[in-house]
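Asks: Please see the structure below; I have some questions.
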Amino acid sequence: MALNITQKIIKQHLVSGEMTAKSPINIKMDQTLTQDATGTMAYLQFEALGVPRVRTELSVSYVDHNTSQMDYKNPDDHIFLQTIADKFGIVFSRPGNGICHQVHLERFGKPGKTLIGSDSHTPTCGGIGMLAIGAGGLDVAMAMAGQPFNLKMPMVVKVNLTGKLQPWVAAKDVILEILRRETVKGGVGYVYEYAGPGIDTLTVPERATITNMGAELGATTSVFPSDGETKRFLKAQGREADWIELKADPDATYDRVIDIDLSKIEPLAACPHMPDIVKPISELEHLLVDQVMIGSCTNSSYTDLTRAAMILKGKTVHPRLSLGIAPGSRQVLRMLADEGKLSDLVAAGARLLENACGPCIGMGFAPKSDAIALRTSNRNFEKRSGTDSAQVYLVSPEVAAVASVEGKFTDPRKWGKYPEVKMPEKFTIDDSMFIFPGKDGSKVEIVRGPNIAALPIKEKMSREIAAKAVIKVGDNITTDHIMPAGKYLPLRSNVPEYAKHVFEGVDTQFYKRAVEMKRSVIIGGDNYGQGSSREHAALCPMYLGIEAVICKSFARIHLANLVNFGILPATFKNPADYDRIEVGDELKINVDNLNGELVLENVTRGHKMPIVHTLSDEDMVILKAGGRLSYAKQQALA
């Protein structure tokens, strides 16, 4: 049987299940990655499983989110992460080494392997032919313990690329064009697999930009073939031995096909406040710009920043705006410095930010009030930048660099000769900021600061959910809406404190109301829980007594996280029933038989409404146990 790339990797890693679309499957995960904002909780969960060492080929703990050390909380978490990595056999990437996705692509990603990461942009490594999937921290903890990852067999979209990008058009414009067509929920249940003669014209950093931001489609992941270009990249990283050729069979089949002629794409921007609100730069040239940020895991590679430096060389940042530069890794930063490109950027007036996530997650470099900010990152959700009134546009490094000089949106094609950047034949390789674990961690003492609270665990599900509707929200509610990041990220290891901020930017009375109700239900619209993989968007509501989330549709990762923490995720069979519930209504759901027909009863208004779910048999067992961790502990006791 002819197979596409996605099917080939899944077949090689399949533990159980049928490889038919939407069927539950379990696959073995070769590698895991965490970052510090999600990792602290993931390792507390791993520790609770009682496994003495990780059981993966490779697990890496990165520190790249909470690097601003305003008090003790972040550095305390970092030493916890370092010591727990040493104890359990995990590679530790120290603060300053770079952003997990950029660094993992450079130093550890392998074609044909599977990777699960506690960050939604883990699909970055699909740029070198990995099946790399973002998930909640508990799923990553289970993978580190040697458990397979449970998901629905994805359908596969073939993105057939032809032609070649014109000068001043970038890989960022390719993924923005796909988002314009597919929307932020169009990819749910799919893997986007790239093919066609156009892929030969794209470098690995360009491919990684596309797979990284494929997360905004709601897709399971995105993947490119592993070909000669992949081999050149790995050879330049001193890792040619990690290369294998991986491509789809000539007569492989797909569930859908998208045709994109690269030569017809123009410079684009995602407009506030969603990555799929895409317009050509030529339609935005009247807008003045207040801030520019070049960096994040999407566009912080050597080639991205070298091209920005070439555009800015000999020029000065416009007096109206501030330009921030955030290299993706220490490798990128060192090469820019060694080649004089960093000097060109600084001479132009760029502010050098840490090679970390920073502004992308609202940790520093916030725009001024009512600012128009151009960023090369992957998300422009409302308030995510740290400034509630800011208008954030997502653009390529080329558009960002030109705007930083012009002080306004400018079609970069007007700038004349395009600065060509060649991929290095050899990258600067220095792994000294990794701490590799010893062979025996049994005597390692784990250091825990006072901000690391006990891990909350849910009790078994009762036979009936009887609770009030605590909040009702609309479409495209993101995990940023549910659990704000930015200044609250240092609370990620302290659920009782972090839970005080659930839905803070949506409803300031939510926490108070949830505490008073003790047990409650969330009502939502379409694409509930899109965006980040942050499991705290399920964990903190669970801590506050949320029993169920009933909405019109879910984002993939958040639905899985709800199951992991014992919260029933269900959808209205008739979407119009959403309008028959208001905050404060008394609701009842008989959940004694999750296999049967479920009915949501609005006791207050006298309505009975059918609701449905997409839970597998395993999901239902986990849900009834009170969540995945409760289930694992019960299994261990048994």
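Asks: For the Cα atoms of the chain, what angle does the longest principal axis make with the long axis of helix 36-48, in degrees from 0 to 90, nearest 10?
Replies: Compared with the principal axis, the helix lies near 40 degrees.
Asks: Quick one: 27, 244, 325, fewest Cβ neighbours within 10 Å first, how do they rank?
Replies: Listed from fewest to most nearby Cβ atoms, that is 244, 27, 325.
Asks: Please report the antiparallel percentage of DSSP beta bridges with both residues in the chain, rounded to the nearest 5.
Replies: Bridges in the chain are about 35 percent antiparallel.
Asks: If you don't mind, another one. Helix-only estimate, please: 222 nm mean residue ellipticity of the chain, summing -39500 (n - 2.57) across DSSP H runs of length 4 or more and dividing by its residues, to the nearest 500.
Replies: -7500 deg cm²/dmol
Asks: What stretch of the chain, leaving out the sites themselves, is the longest with no GluC sites (Glu not before Pro) in a DSSP loop having at most 10 other Cβ atoms within 10 Å?
Replies: For GluC sites (Glu not before Pro) (loop position, at most 10 other Cβ atoms within 10 Å), the longest site-free span of the chain is 19-419.
Asks: Also, quick follow-up: Which links in 315/341; 28/633; 11/113; 172/552; 22/458; 158/247 stretch past 23 Å when you go from one Cα to the other?
Replies: The pairs that break the limit, which is 23 Å between Cα atoms, are 172/552; 22/458.
Asks: Under a cut-off of 16 Å between alpha-carbon atoms, report the aspartates and glutamates in cross-link reach of residue 573, not counting same-chain residues fewer than 8 places apart.
Replies: Once the sequence-local aspartates and glutamates are set aside, what remains near residue 573 is 526, 597, 601.
Asks: Farthest toward the dipole's positive end in the stretch 1-118, which of 9, 109, 35, given Cβ charges of +1 (Lys, Arg) and -1 (Asp, Glu) about the Cα centre?
Replies: It is 9.
Asks: Restricting to the stretch 279-412, compute how many DSSP beta bridges are antiparallel as a %, nearest 5.
Replies: 5
Asks: Residue 436 to residue 181: extension gain in nm, 0.36 nm per residue of separation minus the Cα-Cα distance?
Replies: 87.4 nm
Asks: Determine the percent antiparallel among the DSSP beta bridges restricted to the stretch 464-637, to the nearest 5.
Replies: 50
Asks: Still on this structure, please answer the following. Convex hull over the Cα atoms of the stretch 5-263, averaged projected area in nm²?
Replies: Value for the stretch 5-263: 14.1 nm².
Asks: Still on this model: Can you give the angle from 0 to 90° between the axis of helix 628-637 and the longest principal axis of the chain, with both taken from C-alpha atoms, to the nearest 10?
Replies: Its long axis makes an angle of about 60 degrees.
Asks: Angle between the Cα long axis of helix 73-88 and the longest principal axis of the chain, 0 to 90 degrees, nearest 10?
Replies: Taking Cα atoms only, the helix is inclined about 80 degrees.
Asks: Okay, moving on. Could you give each residue of the stretch 407-413 its phi-based ³J(HN,Hα) in whole Hz, using Karplus coefficients 6.51, -1.76, 1.60 with θ = phi - 60°, and x for Gly or Pro?
Replies: Whole-Hz 3J(HN,Hα) from phi for the stretch 407-413: x, 7, 4, 9, 5, x, 5.
Asks: Over the chain, what portion of Cα pair distances is larger than 50 Å, expressed as a whole percent?
Replies: So the pairs more than 50 Å apart make up 7 percent of the total in the chain.
Asks: Let me ask another. Gain in length, residue 574 to residue 418, computed as 0.36 nm per residue apart minus the alpha-carbon separation, to one decimal in nm?
Replies: Contour length minus Cα-Cα distance gives 50.9 nm.
Just so you know, all these numbers are worked out from the coordinates, no wet-lab data involved. What you are looking at is a predicted structure, and each value in this text was computed from that prediction instead of being measured. With ideal geometry, Cβ positions are generated from the backbone for all residues, glycine too; neighbour counts draw on all protein chains shown.
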